[in-house]
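Read through the structure below, which is laid out as structure tokens, and then see the notes.
The values are calculated or read from the model by the stated rules, or taken from the named source; none is laboratory data. Here the structure is a predicted model, which is why all the values come from computation and not from measurement. Methodologically, a virtual Cβ is constructed for each residue, glycine included, from the backbone with ideal geometry; neighbour enumeration extends over all protein chains shown. These accessible areas exclude ligands, DNA and RNA; they are computed on the full protein's heavy atoms, side chains included. Shrake-Rupley method; radii C 1.70, N 1.55, O 1.52, S 1.80 Å.
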Amino acid sequence: MLSRAQEARVLEVLGDCPSGTLRTYCLDCLAAAVKIPPAHAANLVAFVQALRAKGDCEARYGGFCDANGHDTDDLLVWRPDSPVQGVR
């Protein structure tokens, strides 16, 4: 299991992009950005799966990893824009 601090850093990294844009991360680059050691990679995957289940992040296989500027066939994750409060 990731610590609460690690979980918070994942959310911070995924959410750190200008509104209206997406910044995608492969899991390796996300782990590096959040400083999660390779031994805890499975915990990161489980946390990302939980985020996806709640709708707090989205994912797809293959594409461009914005974090390191490379193409990948692996899973890419990003945090969708949150709706502006009061606007429907």
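Within the range 4-30, if we keep just the residues that are under 21 Å from Asp74 (Cα atoms) and of a type in the set (A, V, I, L, M), the residue that is nearest to the chain's Cα centre (by Cα) turns out to be Leu14. Taking the numbered list (1) surrounded by fewer than 17 Cβ atoms within 10 Å (Cβ to Cβ); (2) of a type outside the set (Lys, Arg); (3) under 10 Å from the mean Cα position of the chain (by Cα) in turn, Leu76 passes all entries but (1).
Suppose we filter Ala32, Ala39 for residues that are open to solvent by 40 Å² or more (accessible area, probe 1.4 Å), of a type in the set (A, V, I, L, M) and at pLDDT 95 or above; which single one remains?
Numbers: Ala39 fails: at pLDDT 95 or above.
The conditions single out Ala32.
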